[in-house]
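Below: one structure, written as structure tokens.
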Amino acid sequence: MKHSPIEIEKKMVRLPVRERVYEYLKSAILSGHLRPGEKLTEEHWAKTLGVSRTPVRETFHKLEAEGLIKPRKKRGFIVARDSREEIEELFELRSILEGYTLRVLSQTLSKETFKKLYEFIEKAEEALKRKRIEEVFKWNTRFHDTIHEQVSHKTRLYRLIVNMRKYVLRHRKDTLRYPDGGRRSIEGHKKIMMALSLRDPDLCERVMREHIQEAKEDALLSLFGET
């Protein structure tokens, strides 16, 4: 994984150095660019990011407190791997938040957004036919992100969802690599659209929660070999 100080400056130029380093490394972990078990050292990241070791050291301590990295026996840190219990909790929280979100949208979703969501499903299906898993991941993510954007005016709910999604996306690629995971995700999105077309709040919430339950099962199977 190659990084440069220029990349960081472009993305977070207005942030103080400490926050810039923290946001960059946290994003790298949650996006999956830094994988569980990968080694992290102050020297490497200070040199790679063009900063002193102090902000890197402070970042490591913050990430350790958040459970994203853990110290090695000798020196440095490694990217932590979520336990089964942590993943189950994460997906349960996701089902609650996204289920409620779809309930809210059941009466208000515009025709334009409805059409856009269908287009994402079609693009994901086409990518799946071509076995382009990264594209399936991309369009499925756009589907959920677009739903979330519709409640951005509900500031508290939206912030909770955005923060939770950062942690969920860490496992989404693993879910889609599981056989039939991509197909199940697409079929779940079709059921969500059906529920939205009926404008039934209870059905919308139930379908979304069932969809996320399936995603949880695929994630557990992919990561631990069992549900």
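Points to keep in mind about this one:
- Label-point separation in nm, residue 169 to residue 75, each point 7 Å along Cα→Cβ: 3.5 nm
- Relative contact order [Cα under 8 Å, 6+ residues apart], the stretch 17-143, whole percent: 19 percent
- Solvent-accessible area of residue 62 with every protein chain in place, 1.4 Å probe, in Å² to the nearest 10: 100 Å²
- Here's the list of lysines a cross-link from residue 39 could span, going by alpha-carbon distance under 22 Å and ignoring same-chain residues fewer than 8 apart: 2, 26, 47, 62, 70, 73, 74, 166, 173.
- Mean residue ellipticity, 222 nm, helices only, the chain: the sum of -39500 (n - 2.57) across DSSP H runs of n ≥ 4, divided by residue count and rounded to 500, is -24500 deg cm²/dmol.
- Within the accessible area of the chain (1.4 Å probe), percent carbon and sulfur: 50 percent
- The value of relative contact order for the stretch 105-163, using C-alpha pairs under 8 Å at least six residues apart, is 29 percent.
- The mean accessible area for residues of the chain, using a 1.4 Å probe and ignoring ligands and nucleic acids, is 56 Å² per residue.
The values are calculated or read from the model by the stated rules, or taken from the named source; none is laboratory data. Owing to the predicted nature of the structure, the values given are computational and were not obtained by experimental measurement. Cβ sites come from the backbone with ideal geometry, for glycine too, and all protein chains shown count toward neighbours. Just the protein is used for accessible areas: all its heavy atoms, side chains included, with ligands, DNA and RNA removed. Shrake-Rupley method; radii C 1.70, N 1.55, O 1.52, S 1.80 Å.
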